[in-house]
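Written out below as structure tokens is the structure these notes cover.
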Amino acid sequence: MAKTGVTAAKKWSEMTWQERREERFKRWLYPRDVKFVSPAAEKSYKERVTRFIKAIKLEEPDRVPCILPAGSFPAYHAGTTLRHVMYDYDALRDAWKKFLNEFDGDTYSSPGVVPSARVSEIIDSKTTRWPGHGLTESARFQQFVEGEYMKADEYDRLIDDPSDYCLRCYIPRSLGALEPFAKLMPFSHLLGMPTRLLGACTLPEVQEAFLALVAAGRELAKYQEVIRQCGREGQAAGFPLFHGGMSQAPFDTFADTLRGTRGIVLDMYRQPEKLFQAMERVTPLNISLGVDAANLTGGPIVFIPLHKGDDTFMSDKQFDTFYWPTLRKLVLGLVEEGCVPLLFAEGRYNRRLKQITDLPRGSVLWHFDQTDMAEAKTALGGNVCISGNVPTSLLITGTAAEVKEYCRRLIEVCAPGGGFILTGGASIDSGKAENLHAMMEAAREYGRYK
Amino acid sequence: MSGDFANLLADLKEDEVIKLTKQRLDSGEDPMKILEDSRKGMELVGKRFADGEYFLPELVFSGELLKQVTEIVKPHITETTSDAKRRGKVVLGTVAGDIHDIGLNIVDFMLDVNGFQVYNLGVDVPAARFVAKVKETGAPIVGLSGFLTPAFDAMKETVEALDKAGLRGKVKIMIGGGQMDDEVRKYARADAYGKDAMAAVTLAKKWTGAS
């Protein structure tokens with residue numbers, strides 16, 4: 001049975017990765033449950049998806065595809081604030097609809113980038129701060145709180161049973177309302193006697209935790225309905241969803257989210273073997289994370305934001321030792337299942353360019369932020385698709401003419417021969433509408449392939 | 001021996017550094033000499049970082065070693081000696097609305113090992129706190145750190161607040177981090193953008209007339 005939901009002539013298990021990817025591309029091109037508003041919208045949708053597929057496969061599309069780096073820009077463009085739309089889903093929907101109606105990038109920008117503050121409040125998220133909650137009300141980004149959510153001596157416990165570790169250790173520390181989950185017994189104790197599950201549920205604080213979970217689930221359902229509705233409308237208007245799923249470099253799983261910068265450094269020196277073992281342990285889990293999401297959404301692109309492996313975070317040797325081996329396995333695992341890993345190299349990857357060339361031709365998509373794009377084209381062009389990198393500073397503080405000129409030069413360097421997608425270095429929160437329009441104009445005017 | 005100690009610290013030999021610290025104390029050596037050697041070791045780390053031999057992990061780990069050495073040595077120090085000659089004062093912080101501190105701490109580290117007195121205000125620092133700290137310390141240099149795009153405006157507002165307080169003519173302001181660049185420097189009307197911690201040191205040295 002084809003895992004993508006598309007009926008294929010050949011069994012999934014017998015297909016090559018390219019054949020599996022074609023199946024996923026087909027599902028992306030012909031999305032289920034989308035009723036296009038007009039034949040023109042359907043035609044635009046297919047043209048847009050085709051543009052991306054060709055760029056990924058290193059062929060020349062009709063023109064350079066363009067992803068507008070919207071971020072939380074739609075909120076401010078609509079005259080509201082991030083804080084407001086994090087609490088008011090109607091305002092969130094209206095703002096993103098306005099953006100959809102006014103901008104014609106090649107993708108659909110989802111309000112899903114803005115999480116519900118109501119859900120975070122109910123569940124008492126310890127890992128994020130948002131405007132009015134740990135940050136000033138006027139703050140324009142929700143931010144991750146780095147910390148030692150996993151202790152130095154807990155590697156064995158995580159390696160032995162990651163699910164149990166998440167349920168009884170990681171969740172209680174990162175979601176305040178679920179702190180009592182630390183009192184649950186290991187689920188393996190239920191074998192042969194399932195009612196043992198109820199033991200801890202006699203505790204009032206555990207009952208409260210489950211009630212909070214129910215309340216958060218109900219609130220999340222309200223939020224998700226708005227996000228889904230927006231998604232259906234966006235696609236119906238002809239704009240394809242770009243991120244089909246998300247995953248994480250195994251090193252970042254530990255360095256970013258579990259141990260924090262200080263913790264991971266101590267582990268690199270004091271217990272590197274444990275770290276290697278744990279990264280190997282989570283690699284297949286991170287592959288499933290991306291594949292499962294791609295199956296669910298029908299989008300083949302799996303977004304992987306890369307953080308602690310950039311030029312300043314570690315040496316070439318540390319990258320080759322700690323970062324790349326398991327990231328490469330993750331990428332190859334996703335590719336094998338027909339997904340297209342989108343590697344977002346935030347910061348600078350100039351020194352990394354020589355270290356990331358050992359991936360199958362045309363299998364991934366790199367998104368560069370402040371990396372030298374001419375060098376990226378030289379190192380990777382003809383081998384994998386690259387995208388980037390209009391600086392956020394230019395988009396927010398520059399003029400439309402400056403943005404257009406930057407894009408023109410970028411296209412000149414990166415577009416020849418195909419395999420290039422125009423986008424921002426990172427996403428923006430505010431800025432001028434005309435600067436985003438200028439990006440699209442540049443893609444249309446200068447990005448044509450003859 | 002002192003050269004060995006500094007090198008062991010710079011080479012990040014944790015066990016040896018701790019062992020040697022204890023040995024030196026046991027043999028009755030002046031604890032201040034151990035701290036002085038530690039400072040030399042940290043200078044070496046800073047130099048290797050500037051030379052591209054060391055990266056963030058080495059800075060963080062050497063900081064951990066220094067912390068351990070200091071904790072062992074501290075109870076043995078009887079007199080408080082005044083701080084060594086410092087090149088100049090720098091007020092440093094991540095601007096309001098931004099809670100990122102990795103880059104901030106690298107700059108703090110590099111300025112410190114290069115002899116500057118650093119007042120690190122931490123993250124999400126309102127403009128008024130920068131103003132108050134500059135007034136309190138009389139620091140001639142302010143470093144604004146930021147990771148995300150909203151920091152563009154927060155930096156601009158911080159520079160304006162220093163201006164309103166009548167301090168703009170008395171301080172040089174540098175910015176850096178994440179999405180910052182020279183465009184942002186112009187927008188925020190700061191004096192300089194530094195692309196990394198070494199640039200921050202170079203700027204601070206230039207502005208204090210040291211070299």
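A count restricted to the stretch A:221-244 and to residues that are crowded, with 18+ Cβ neighbours inside 10 Å and more than 30 Å from A:E47 (Cβ to Cβ) stands at 1. Within the stretch A:319-361, the set of residues being crowded, with 19+ Cβ neighbours inside 10 Å and of a type in the set (S, T, N, Q) comprises A:T326 only. Considering the stretch B:154-185, and only residues there that are within 14 Å of chain A (Cβ to nearest Cβ) and out of contact with any strand residue (DSSP E or B) (no Cβ under 9 Å at 6 or more places or on another chain), the residue that is nearest to B:V107 (Cα to Cα) turns out to be B:Q179. The listed residues are B:G46, B:G122, B:G63, and the only one of them that is in contact (Cβ under 8 Å) with a residue 24 or more places away in the chain, within 26 Å of A:F319 (Cβ to Cβ) and either in contact with an Asp or Glu (Cβ under 9 Å, 6 or more places away or on another chain) or polar (S, T, N, Q) (or both) turns out to be B:G46. Filtering the stretch A:402-436 to residues that are among the aliphatic types (A, V, I, L, M) and either within 22 Å of A:V114 (Cα to Cα) or away from every other protein chain (no Cβ under 14 Å) (or both) leaves A:L410, A:I411, A:V413, A:A415, A:I421, A:L422, A:A426, A:I428, A:A433, A:L436. All conditions but one from (1) away from every other protein chain (no Cβ under 14 Å); (2) over 26 Å from B:G46 (Cα atoms) apply to B:V113; the one that does not is (2). For the stretch A:93-105, the count of residues that are in contact (Cβ under 8 Å) with a residue 12 or more places away in the chain, surrounded by fewer than 19 Cβ atoms within 10 Å (Cβ to Cβ) and of a type in the set (S, T, N, Q) is zero.
In the condition set (1) away from chain A (no Cβ under 13 Å); (2) within 21 Å of B:L56 (Cα to Cα); (3) free of Cβ contacts under 8 Å to residues at least 60 places away in the same chain, B:F147 is compliant with all but (1). Every test in (1) among the small types (G, A, S); (2) buried (at least 23 other Cβ atoms within 10 Å of the Cβ); (3) out of contact with any strand residue (DSSP E or B) (no Cβ under 6 Å at 6 or more places or on another chain) is passed by A:A433 save one, and that test is (2).
Here's a check for you: in the stretch B:85-101, which residue that is of a type outside the set (K, R) and surrounded by fewer than 23 Cβ atoms within 10 Å (Cβ to Cβ) is nearest to the other protein chains (Cβ to nearest Cβ)? Across the stretch B:85-101, the extreme among qualifying residues is B:I99. Taken over the stretch A:64-80, residues that are polar (S, T, N, Q) and buried (at least 19 other Cβ atoms within 10 Å of the Cβ) amount to 1. Inspection of the stretch A:148-170 finds no residue satisfying the criterion of being within 13 Å of another protein chain (Cβ to nearest Cβ), modelled with pLDDT under 95 and touching a Lys or Arg at 6+ places or on another chain (Cβ under 9 Å). Part of a helix (DSSP H, G or I) and either over 16 Å from A:L158 (Cβ atoms) or touching a residue at least 40 places away in the same chain (Cβ under 8 Å) (or both): does that describe A:D292? It is true that A:D292 is part of a helix (DSSP H, G or I) and either over 16 Å from A:L158 (Cβ atoms) or touching a residue at least 40 places away in the same chain (Cβ under 8 Å) (or both). Condition test on A:M268, is it part of a helix (DSSP H, G or I), among the aliphatic types (A, V, I, L, M) and facing another protein chain (nearest Cβ under 10 Å)? Spelling it out, A:M268 is indeed part of a helix (DSSP H, G or I), among the aliphatic types (A, V, I, L, M) and facing another protein chain (nearest Cβ under 10 Å). What are the residue pairs meeting all of these: first residue in the stretch A:43-68, first residue more than 14 Å from A:P300 (Cβ to Cβ), second residue at pLDDT below 95 and among the polar types (S, T, N, Q), Cβ atoms under 9 Å, and 6 or more apart or on different chains? Qualifying pairs under 9 Å: A:I67/A:S109; A:L68/A:S109. A single entry from A:P204, A:P180, A:P240 fulfils the requirement of being over 24 Å from A:F144 (Cα atoms) and touching an Asp or Glu at 6+ places or on another chain (Cβ under 9 Å): A:P240. The helices (runs of 4 or more DSSP H) found entirely in the stretch A:1-93 that carry 1 or more residues being under 25 Å from A:P360 (Cα atoms) are A:17-29, A:39-56. Looking across the stretch A:283-303 at every residue that is under 13 Å from A:Q248 (Cα atoms) and of a type outside the set (A, V, I, L, M, F, W, C), the one that is nearest to the chain's Cα centre (by Cα) is identified as A:G290.
Contact map, the stretch B:153-173: residues that are without any contact (Cβ under 8 Å) to a residue 40 or more places away in the chain paired with residues that are surrounded by 14 or more Cβ atoms within 10 Å (Cβ to Cβ) and aromatic (F, W, Y), Cβ distance under 8 Å, separation 6+ or inter-chain. Pairs shown: B:K156/B:Y187; B:A161/B:F130; B:L162/B:F130; B:K172/B:W207.
Here is a yes/no grid of residues against (1) of a type outside the set (D, E, K, R); (2) closer than 18 Å to A:F239 by Cβ; (3) within 22 Å of the chain's Cα centre (by Cα); (4) at pLDDT 95 or above:
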residue	(1), (2), (3), (4)
A:Q18	yes, no, no, yes
A:K26	no, no, yes, yes
A:V34	yes, yes, no, no
A:V37	yes, yes, no, yes
A:S44	yes, yes, no, yes
A:V49	yes, yes, yes, yes
A:A55	yes, yes, yes, yes
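With respect to the conditions (1) within 14 Å of chain B (Cβ to nearest Cβ); (2) farther than 27 Å from A:Q277 by Cβ; (3) surrounded by 19 or more Cβ atoms within 10 Å (Cβ to Cβ), A:L365 falls short on a single one, namely (1).
The values are calculated or read from the model by the stated rules, or taken from the named source; none is laboratory data. Note that this is a predicted model, so its numbers are computed, not measured. We place every Cβ from the backbone using ideal geometry, glycine too, and count neighbours over all the protein chains shown.
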